[in-house]
Amino acid sequence: MSQSLSFQAAAWQRLKKNKGAMFGLIIILLSVLVAVFAYFIAPDPSPFANRIILEIGGEKPGYQQLFIKVKKDKEVASTSLLSQLASGKEDAYYFIPIVSHIQTGDSVVVQKYIDEGLSERTAFHIAQTASTPVVTKKFWLGTDKYGRDILSRIVVGTRVSLSVGLITVIISLSIGLLLGSLAGFFRGRTDDIIMWFINIIWSIPTLLLVFAITLALGKGFWQIFIAVGLTMWVNVARLVRGQVLGVRELEYIEATRALGFSNFRIIIRHIWPNIMGPVMVIAAANFASAIVIEAGLSFLGIGVQPPQPSWGLMIKENYNFIITQNPMLALAPGFAIMLLVLSFNLLGNGLRDALNVRGRI
């Protein structure tokens, strides 16, 4: 146990010296915090950050607008902190863009914003409005064509990217560890059958396989996670098989056999802990690949479905603006994908270097 702890401590020390890996780890940890507390961080805390204000669609970063908050016709139930953490909080008011306002007696008279240079005079009874009827909101990354806040949708969309990566890694590790261990440990016919199956899956292009699984399971949030996860276990299985083939011949494994331990106890208790280094490296790579695949599928329209925000879906909805007046609508989620994928790749490279003890004294 002490040797294991000393190895882990030494690996951590090597990892801390790798500036790229630590940068990646910090970005990943910040992304996790953003994903968990997305609805408390996002300027638009409504479910899926889906507050549609068509009058201000397609505005540039830094856009600022006055709004009058008018009560909705229906009664909006209060939301607990736990519910808001999980799925946001429904707006109790309509946010109506205005140019100017003046309060006269029991009414608020406003010039309702319709379009650039065009407004309409409207009056609201004070009982229809919030206690602070007029607020100013700034859209740091602008608004999409539906008038939704881009920053809020990027923040909430972090959940989708991290979730698809996490579930993909769990699925791919579960299947890959099991099949790879069986093939490497038992060899013979078991190895032949499993490698035959792996080679068949390996020969099918990843996107085509994802398309097939998605069409079978249907479009949706959980379906895309499962579809991506079921296509990424092959790399893990091949790696695990190779590691197990090398480890099973070592003396301590022979000692466990001599002590009469069962095969599955040998695999789980004695082989798996000693091959986790390379497995962690490929898990980081799979995490990054899953984020890119999910974004690509959402861009093609078979991934996460509206109104749920996904970075790939945001690019699809706004890529026309790249060649027009507001390219940031599509570039902002693209930068988010690039930064998160880069972080996982940097961390994976750092783990590879930190856990590679061959040739070290």
(request) From zero up to wherever the largest Cα-Cα distance of the range 154-220 sits, split into 5 Å bins and tell me the percent of pairs in each. (result) 3, 14, 14, 21, 19, 13, 8, 4, 2, 1, 0
(request) Sort largest first and round to whole Å: the equivalent ellipsoid semi-axes of the range 124-198, each the square root of five times a Cα gyration tensor eigenvalue. (result) 57, 12, 9
(message) For residue 74, give me every one of the lysines with a C-alpha distance below 23 angstrom, ignoring sequence neighbours fewer than eight places off in its own chain.
(response) 89, 112
(message) Longer than 30 Å from Cα to Cα, which of 17/316; 16/219; 16/138; 72/138 are they? Say none if no pair is.
(response) 17/316; 16/219; 16/138
(message) Using Cβ counts within 10 Å as a stand-in for footprinting exposure, how do 294, 317, 251, 120 rank, fewest first?
(response) 251, 120, 317, 294
(message) List the residues, sorted by chain then number, that are 5 or more residues from residue 304 or on another chain and whose placed amide H is less than 5 Å from its amide H.
(response) 298
(message) Apply the Karplus curve 6.51 cos²θ - 1.76 cosθ + 1.60, θ = phi - 60°, to the phi angles in the range 56-73 and return the couplings in whole Hz, x for Gly and Pro.
(response) 10, x, x, 7, 7, x, x, 5, 10, 8, 7, 9, 9, 9, 10, 4, 6, 5
(request) List the residues of the range 222-260 whose backbone N lies under 17 Å from a point placed 7 Å from the Cα of residue 202 along the Cα-to-Cβ direction. (result) 231-246
(request) Before rounding to the nearest 500, sum -39500 (n - 2.57) across all DSSP H runs of length at least 4 in the chain and divide by the residue total; then give [θ] at 222 nm in deg cm²/dmol. (result) -18500 deg cm²/dmol
(request) Could you please report the charge total around residue 191, scoring K, R as +1 and D, E as -1 over all other residues with beta-carbon less than 13 angstrom from its beta-carbon? (result) +4
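Tell me, 210, 108 in order of fewest to most beta-carbon neighbours within 10 Å? Please report the intermediate quantities before stating the final value.
Values: 210 24, 108 21.
So the ranking, lowest neighbour count to highest, is 108, 210.
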(request) Mind pulling the angle between the C-alpha long axis of helix 276-300 and the longest principal axis of the chain? Nearest 10 degrees, somewhere in 0 to 90. (result) 40
(message) Taking amide H atoms as placed 1.01 Å from N in the peptide plane, list the residues 5 or more away in sequence, or in a different chain, whose amide H sits under 5 Å from that of residue 98.
(response) 66, 67, 68, 113
(request) Report the equivalent ellipsoid semi-axes for the range 143-263 in whole Å, largest first, defined as the square roots of five times the eigenvalues of the gyration tensor built from alpha carbon atoms. (result) 40, 18, 10
(message) Ratio of alpha-carbon Rg to the 2.2 N^0.38 Å globular estimate for the range 61-147, to two decimals, please.
(response) 1.23
(message) Averaging over every viewing direction, what projected area does the convex hull of the Cα atoms of the chain cover, in nm²?
(response) 23.9
(message) Report the Cα-based extents of the range 253-313 along its three principal axes, largest first, to the nearest Å.
(response) 59, 19, 14
(request) Take 7, 225, 48 and order them by how many other Cβ atoms sit within 10 Å, fewest up front. (result) 7, 48, 225
(request) Pick out, in residue order, every one of the GluC sites (Glu not before Pro) in the range 22-91 that is DSSP loop and has at most 11 other C-beta atoms within 10 Å; say none if there are none. (result) 75
(request) Could you compute the FRET efficiency for residue 187 and residue 166, with r as their C-beta to C-beta distance and R0 at 35 Å, rounded to 0.05? (result) 0.60
(request) Report the FRET efficiency, 1/(1 + (r/R0)^6), for residue 250 and residue 37, where r is their Cβ-Cβ distance and R0 is 56 Å, rounded to 0.05. (result) 0.75
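Only the coordinates and a few stated rules stand behind these numbers; no lab work does. Computed from a predicted model, the values in this text were never measured in an experiment. Neighbour counts are summed over all protein chains in view; Cβ atoms, including those assigned to glycine, are modelled from backbone coordinates with ideal geometry.
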